[in-house]
Amino acid sequence: MTGLPFYIFALISAIGAVLTVTRKNPLTGALCLALTMIGLAGLFLLLHGYLVFVLQILVYAGAVVVLIIFVIMMLNIREPVVRLQRLYWKRALPGGVLSLVLLYLLWRPLQNIPDFPPSISDSFGTVERVGVEIFTRYAFPFEVLSLVLLIAIVGAVVLAKKSED
Amino acid sequence: MQLSHYIALSAFLFMVGIFGFVWRRNFLIVLMSVELMLNAVNLALVAFARYWDNPEGHVFTFFVIALAAAEAAVGLSILIVIYRQRESVDVGDFRRLRE
């Protein structure tokens, strides 16, 4: 297995991530976020996560990013508001310190991570294998998840509805 | 490709997410940073699932993706409500709870 596809997808997602947080215009940020999601989906494919790959494209690139873009367009943020969104590099200090602390904490463990085992079972990551897992061992969390999604739908509708008075 | 490469990329994406979450004042970008962090964790989960030859990592990723979608929907509708009241998407303007 050559490393080239990994580096291509890793580069796509890393560049997309950096652009997402550094672009002034949230619409550009959302499009860069979609780029990151697609790069990550490619990585999932390399890791034999076929179901996760499809879900990543469908739910993230397809639904979440489109939802964000929809809201950006729906808000129709006026020009002065957008121009006020200047980037204050001075304020980058706490975030920079936090991420450097994370890097410091992870540096040593990263050196000792072993390589992947060379062989892998045939059905690994297929819809069938993951589906069996979801609907047997994780059936209860799955049902709870449906409740969570229902509550989120109702909550989103109730919140975003214009009040009558 | 080694497992450590995937974990390093995951850590990098998480760092970028934290950085954006703390630094940016635009609520939309803050939400996107949260999505970025969730995705970084997903990558680590899938990589370790491959390492252990165990699909439970994929099951957890499935749950994380569903919860992230719910979080995005609720977060964006909260943003819409606040924008109607304040005409702003700057998190610095959202301090009614603090006052």
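Please treat every number below as a calculation from the coordinates, not as lab data. Owing to the predicted nature of the structure, the values given are computational and were not obtained by experimental measurement. For neighbour counting, all protein chains shown are included, and Cβ atoms are generated from backbone atoms with ideal geometry for every residue, glycine included.
Quick notes
- Residue tally, condition buried (at least 21 other Cβ atoms within 10 Å of the Cβ) and of a type outside the set (Ser, Thr, Tyr), over region B:1-10: 1
- Selected residue (criterion: farthest from B:Ala47 (Cα to Cα)) from residues of region A:17-52 that are free of Cβ contacts under 8 Å to residues at least 24 places away in the same chain and within 9 Å of chain B (Cβ to nearest Cβ): A:Arg23
Every residue, every condition in (1) at the interface with chain B (Cβ under 7 Å from one of its Cβ atoms); (2) closer than 25 Å to B:Tyr83 by Cβ, yes or no:
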residue	(1), (2)
A:Val64	yes, yes
A:Phe70	no, yes
A:Leu75	yes, yes
A:Leu93	no, no
A:Leu106	yes, no
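- Region A:54-75, residues that are among the aromatic types (Phe, Trp, Tyr) and closer than 20 Å to B:Ala11 by Cα: A:Tyr60
- Single residue of region B:74-86 satisfying the filter (more than 7 Å from chain A (Cβ to nearest Cβ) and over 13 Å from A:Leu67 (Cα atoms)) that is surrounded by the most Cβ atoms within 10 Å (Cβ to Cβ): B:Ile82
- The residue of region A:89-115 that is nearest to A:Leu43 (Cα to Cα), among those that are within 24 Å of the chain's Cα centre (by Cα) and aromatic (Phe, Trp, Tyr), is A:Trp107.
- B:Phe94 being closer than 30 Å to A:Val132 by Cβ, surrounded by fewer than 19 Cβ atoms within 10 Å (Cβ to Cβ) and among the hydrophobic types (A, V, I, L, M, F, W, C): no
- Taking first residues from region B:72-96 that are more than 15 Å from B:Met32 (Cα to Cα) and partners that are polar (S, T, N, Q), the Cβ contacts under 9 Å between residues at least 6 apart in sequence or on separate chains come to B:Ile82/B:Ser88; B:Phe94/B:Ser88; B:Arg96/B:Gln85.
Residues are listed down the side, and each one gets a yes or a no for (1) exposed (fewer than 13 other Cβ atoms within 10 Å of the Cβ); (2) more than 7 Å from chain B (Cβ to nearest Cβ); (3) aliphatic (A, V, I, L, M):
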| residue | (1), (2), (3) |
| --- | --- |
| A:Asp115 | yes, no, no |
| A:Pro118 | yes, yes, no |
| A:Asp122 | yes, yes, no |
| A:Glu133 | no, no, no |
| A:Arg137 | yes, yes, no |
| A:Phe142 | no, yes, no |
| A:Val148 | no, no, yes |
| A:Ala152 | no, no, yes |
| A:Lys161 | yes, yes, no |
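- The residues of region A:26-77 that are within 20 Å of B:Ile78 (Cβ to Cβ) and outside any helix (DSSP H, G or I), listed by number, are A:Asn76, A:Ile77.
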